[in-house]
1. On alpha carbon coordinates alone, what is the Rg over Rh value for the protein assembly as shown, Rh being the Kirkwood radius?
2. In whole Hz and in residue order, list the ³J(HN,Hα) couplings for the stretch B:17-31 that follow from phi through the Karplus curve 6.51 cos²θ - 1.76 cosθ + 1.60, θ = phi - 60°; x for Gly and Pro.
3. Within the stretch A:54-68, list the residues whose amide N lies under 11 Å from a label point set 7 Å along Cα→Cβ of A:SER88.
4. Quick one: if you stick a label point 7 Å off each Cα along the C-beta vector at A:THR124 and B:GLN80, how many nm between them?
5. Holding the Cα-Cα limit at 32 Å, pick out from B:LYS79/B:LYS139; A:LYS22/B:LYS3; A:LYS22/B:LYS79 the pairs that are longer than that.
6. Can you list the distances in nanometres, one decimal and ascending, from the A:GLN58 label point to the identical position in each other copy, with the point 7 Å along Cα to Cβ?
7. Enumerate the amide H contacts of B:LEU54 below 5 Å, restricted to partners 5 or more residues apart or on another chain; note that Pro and chain-start residues carry no placed amide H.
8. How far, in whole Å, is the nearest Cβ of chain A from the axis relating it by rotation to chain B, and which residue carries it?
There are 2 protein chains.
Amino acid sequence: MPKVSPVLLDEQLCFSIYSASKKFNHFYQSALAPFGLTYPQYIAMLVLWEDAPLTVHQLGERLELDSGTLTPLLKRLEKQGWVTRVRSRTDERQVLIHLTETAEAKRDEVYSRIGQCQTLLGMTDNEIDSMMTELVTVKDQLDTVSHQRLIAKEVDQD
Amino acid sequence: MPKVSPVLLDEQLCFSIYSASKKFNHFYQSALAPFGLTYPQYIAMLVLWEDAPLTVHQLGERLELDSGTLTPLLKRLEKQGWVTRVRSRTDERQVLIHLTETAEAKRDEVYSRIGQCQTLLGMTDNEIDSMMTELVTVKDQLDTVSHQRLIAKEVDQD
DNA sequence: GGCAATTTAATTGTATACAATACTCTTCGA
DNA sequence: TCGAAGAGTATTGTATACAATTAAATTGCC
């Protein structure tokens, strides 16, 4: 083993992001407590408010979640009266997620609550845009290298 | 309800961070597959390589995780031979997490693998520093407003 | 038309997360 | 020193995540 540098937790970008992600979840989850929505349920509702009805697969593409996560999540949203899950007639494999009238009716209340959260965060649109742009770069790079990783293994000894 | 702006998923910083966090987890988890470490197990090992032995509480402070998460995680690390869990003699409430010799021996291999991952990511130290600084600002703000949220509720109508 | 390959959801199994609770041990004040 | 308060860990219950598998439906290809 050649000389290696120590890896310190506090210098890891991954941990910074992991930690920020958890804090955001708690923040929105408690902001949305009056509606009884968890964070993943909330982002599912965001997509549905934009585009319902959607199939489980389409929703999963937007949220980057698979049916293993979404099926139980959507069953909970259904039980709580936000959505309905109906087999498509034209393609019996698909399940269409529709919004209930209750969900439509509560949309603006949730939008308004989120607007308040964004205000509390106190970031300008420019700051948010710039941060999201950087994050996209990182994510793209992660997608790219995830495919190259096996090659990297072969240059293990440098 | 006053006029509200739509909330679009793709404009949410929280989702960008949530998504990036998941990608980082997968990236490191597959990079560390030869060692059999999950991402949370890996960051726990990072802290222990810096500072072992630590109590569950001390480890939790560094990782921002509680005993509900750490106890089972540490039991798995113990079963896989990375750590030992021993009740402190001076304070029977505490459990000290020690590294095994195997863990000490594998440290540099893991450090090296992570070094390769950082190289693959292709970011300069400055880029990483700057991004982490921005993230600290966001996290601090989230910590601050999490305490003020109840007050915010009272200015609901603006 | 008939069947293999593909697509879509659901299921299973493992591993986080975290709130809430329980339990044990320690500390601290009367 | 005795008991209440507090600290540290484990447990319980709920909700994600995701790999891998299953099952049903559709599509393609002959």
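1. Values: Rg = 21.9 Å, Rh = 21.8 Å.
Here the Rg-to-Rh quotient is 1.00.
2. After applying 6.51 cos²θ - 1.76 cosθ + 1.60, I find 6, 4, 5, 4, 4, 5, 5, 4, 4, 5, 4, 5, 4, 7, 5 Hz.
3. A:54-59
4. 4.5 nm
5. On the way: B:LYS79/B:LYS139 34 Å; A:LYS22/B:LYS3 30 Å; A:LYS22/B:LYS79 27 Å.
Result: B:LYS79/B:LYS139 exceed 32 Å.
6. 5.4
7. Close amide H contacts, sequence-distant or interchain: B:ILE97.
8. Residue nearest the A-to-B axis, with distance in whole Å: A:SER21, 2.
Every number here is computed from the coordinates shown, using simple stated rules; none is lab data. Since the structure is predicted, the reported quantities are computational estimates derived from the model, not experimental observations. In this analysis, Cβ positions are derived from the backbone assuming ideal geometry, glycine residues included, and neighbour counts consider all displayed protein chains.
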